[in-house]
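The values are calculated or read from the model by the stated rules, or taken from the named source; none is laboratory data. What you see is a predicted model, and the numbers here were worked out from it, not measured in a lab. A quick note on method: Cβ atoms are made from the backbone with ideal geometry, for glycine too, and the neighbour counts reach across all protein chains shown. Heads up: the accessible areas ignore ligands, DNA and RNA and are worked out on the full protein's heavy atoms, side chains in. Shrake-Rupley method; radii C 1.70, N 1.55, O 1.52, S 1.80 Å.
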Amino acid sequence: MADASDMVRFRVIGDPMSQGSKTGVLGRDGSVRVLESKGIGRERHRAWRAEVAWEASRQVGHRGGCFPDGPLECTVWFRLPMPASRSKRDRLRGWLWAYRGLDIDKLQRSTFDALKDGGLIVDDSRIVYVGAGKVEVPAPEWTGAMISIGAAADPVGQPWAELETVAAHG
């Protein structure tokens, strides 16, 4: 894990939206254009990215600039609206795992792209370690994301070695 003093932690209030599928279209000249999916989801996706980019740009101001070009680690907790169909007991609990609906990897993709758009990071390819979760929260709780990002610590040993041992004997 990164040094806590170099971590930036913030929340984004909004409606988390995943980055939709892309379609490649071959032009008459042989070039390929990549198009985003269409419809209301596209507008919600744009709104989410704008919220994240705006908050990321605020963090640039607080921090005094973007993160230097190097390996980063990022943890994101997505807080999604709890559907009305959930039971009263579930609502009183305060949160549930959001195991239906939006794919976590697509939520991350749109959020990481927006961190770049906001100028907090040079490029989302610099994120080398990710932690993420998604939960449903009942109204009137806020929805959005809690984001923590910072320089990635140098790994001690080979963090994947334990998994290799398990896989070899699996």
Counting only residues that are out of contact with any helix residue (DSSP H, G or I) (no Cβ under 7 Å at 6 or more places or on another chain) and farther than 19 Å from ALA53 by Cβ, how many does segment 131-148 have? 8
Hey, any hits in segment 29-43 for a residue that's modelled with pLDDT of 80 or more and open to solvent by less than 20 Å² (accessible area, probe 1.4 Å)? no
Tell me, please, whether a residue that is at pLDDT 95 or above, open to solvent by 20 Å² or more (accessible area, probe 1.4 Å) and in a loop (DSSP other than H, G, I, E, B) can be found in segment 95-106. no
When only residues in segment 122-170 that are among the aromatic types (Phe, Trp, Tyr) and at pLDDT below 95 count, which is nearest to PHE10 (Cα to Cα)? TYR129
Which condition from (1) in contact with a strand residue (DSSP E or B) (Cβ under 7 Å, 6 or more places away or on another chain); (2) open to solvent by less than 40 Å² (accessible area, probe 1.4 Å); (3) outside any loop (DSSP other than H, G, I, E, B); (4) in contact (Cβ under 8 Å) with a residue 40 or more places away in the chain is the one that SER110 breaks? (1)
How about segment 122-165: which of its residues are assigned to a loop (DSSP other than H, G, I, E, B), of a type in the set (A, V, I, L, M) and either surrounded by fewer than 11 Cβ atoms within 10 Å (Cβ to Cβ) or in contact with a Leu (Cβ under 6 Å, 6 or more places away or on another chain) (or both)? ALA139, ALA152, VAL156
Out of GLY61, GLY119, GLY65, I need the residue that is within 17 Å of ARG9 (Cα to Cα) and within 16 Å of the chain's Cα centre (by Cα). Which one? GLY119
